[in-house]
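In what follows, a structure is listed as structure tokens, so that the remarks can point back to it.
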Amino acid sequence: MLRKILTFFQKETVLSISAILAILSMFIVHPSGKYFSYIDFRTLSLLFCLMSIVAGLSEIGLFDYLAEKILSRANSIKSIIVLLVLLCFFFSMIITNDVALITFVPLAIIILKKMSEKQKNYWILRTVVMQTIAANLGSMLTPIGNPQNLYLYARANMSAFALIRLMLPYSIAALVLLLVWIQIAAHREPGSTTENHISELFSIHKTKAPNQTSLIGYLILFLICLLVVAHIIDYRISFILVIGYIFFKNWHLFKKVDYSLLLTFTALFIFIGNLKCIPQFNHFLISIIDGHETLTAILSSQIISNVPAAILLSGFTKNYSALIIGTNIGGLGTLIASMASLISFKYISREDASLRGKYFIWFTAANVILLVILLAAAKILGQL
């Protein structure tokens, strides 16, 4: 029994800690009907709907099909790496950073394993680190790119255009830095690859075009969710439509929803709601955060990850723009700063356990350098 508990804690560390904090806070602020007012059902509903729809689109092979079509245009190793990284960067804006990495990191590993041993060893760590950073930083541009954006965007009641305008300088800077990094890495690449060999890299399999009926159905649901994000349609309408469609179309998709993320959100909502009911603690946290929202969000993200940091800090400040910047930039740094980063780490570990140490060093070094650069950008823009 104890071993099962420890295994669960290791697997779902953030959820476990969030649940423990919520339970402990209940001894101070006893459970009541007021707890329901703590929970942001709109955010939970949207997260559930988007995860379900993206799981459906993934199952019918849309992302594999698009990736294969895009990558087939590559004519050099550098262009392959650029496309693999850009797929993560731009797709994460629509399908979230987690799903982008789950979709495109395995594809990158398959392609890179077809290179010569020297080239594979040179590119595999660099490419997966680049993809991870690209997914985390690409996702910061849109309200639906990552969970913290979806939550803070709704909390701030801002327009999608306002969020895009806020994060656009950082997204452009991130994209330029990634492309420069690829250029430098390609210049130092050992060996060369012929055009014939390039074509062989894509002879993995031919993905069939997605079923048109299913594709249209999921895209209509996705559009409805975007209308909810834009505050045009009530979230309960999208929730009912998604539940109904998937139940009759493919109920197995419900198993692919990340319920641990939804439960983590719920536990943190309860914990923060209870903390706000304790005047001394409430005033103490506000005094620490006030005027230092961006930096506090960045530092908190390094320890507890950026999604919990967003939920926690939003209970004690109204400066949501600073929190959006801080939790997105704060996704850089440690391996747990963005939980999505652990996805890539798991794929590398599964591919070759001996690469974990090197990957961790590459990941940390690259993240710290980019974090410092984007911190400097925030300082220049007067947002730090």
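The values are calculated or read from the model by the stated rules, or taken from the named source; none is laboratory data. Predicted model, so just to flag it, every value in this text is computed and none were measured. Don't worry about glycine lacking a Cβ; one is built from the backbone with ideal geometry, like all the others, and counts go over all protein chains shown.
Filtered by the rule that a residue be buried (at least 19 other Cβ atoms within 10 Å of the Cβ) and in contact with a Ser or Thr (Cβ under 6 Å, 6 or more places away or on another chain), the stretch 65-80 gives a lone residue, I77. Of all residues in the stretch 270-283, which are assigned to a helix (DSSP H, G or I) and surrounded by 13 or more Cβ atoms within 10 Å (Cβ to Cβ)? Passing the criteria: I270, F271, I272, G273, N274, L275, F281, N282. Scan the stretch 97-129 for residues that are crowded, with 21+ Cβ neighbours inside 10 Å, over 18 Å from L335 (Cα atoms) and in contact with a Gly (Cβ under 8 Å, 6 or more places away or on another chain) and report the count. Looking only at that region, the number is 0. When the stretch 265-285 is limited to residues that are in contact with a Phe, Trp or Tyr (Cβ under 8 Å, 6 or more places away or on another chain) and within 25 Å of L332 (Cα to Cα), the one that is modelled with the highest pLDDT turns out to be F269.
One residue stands out among those in the stretch 30-64 that are within 19 Å of T264 (Cα to Cα) and aliphatic (A, V, I, L, M): the one that is surrounded by the most Cβ atoms within 10 Å (Cβ to Cβ), which is L50.
When the stretch 96-110 is filtered for residues that are in a helix (DSSP H, G or I) and either over 15 Å from E351 (Cβ atoms) or at pLDDT below 85 (or both), the ones remaining, listed by number, are N97, D98, V99, A100, T103, I110. I'd like to check something: does the stretch 307-326 contain any residue that is of a type outside the set (S, T, Y) and without any contact (Cβ under 8 Å) to a residue 12 or more places away in the chain? So far as the stretch 307-326 goes, yes, one or more of its residues are of a type outside the set (S, T, Y) and without any contact (Cβ under 8 Å) to a residue 12 or more places away in the chain. Of the residues contained in the stretch 252-264, one or more are found to be more than 21 Å from the chain's Cα centre (by Cα), at pLDDT 90 or above and surrounded by fewer than 19 Cβ atoms within 10 Å (Cβ to Cβ).
Going by the structure shown, is L166 in contact with a helix residue (DSSP H, G or I) (Cβ under 7 Å, 6 or more places away or on another chain), touching a residue at least 24 places away in the same chain (Cβ under 8 Å) and either surrounded by fewer than 16 Cβ atoms within 10 Å (Cβ to Cβ) or assigned to a helix (DSSP H, G or I) (or both)? The answer is yes for L166. Does at least one position in the stretch 57-67 carry a residue that is without any contact (Cβ under 8 Å) to a residue 12 or more places away in the chain and of a type outside the set (F, W, Y)? Within the stretch 57-67, one or more residues are without any contact (Cβ under 8 Å) to a residue 12 or more places away in the chain and of a type outside the set (F, W, Y).
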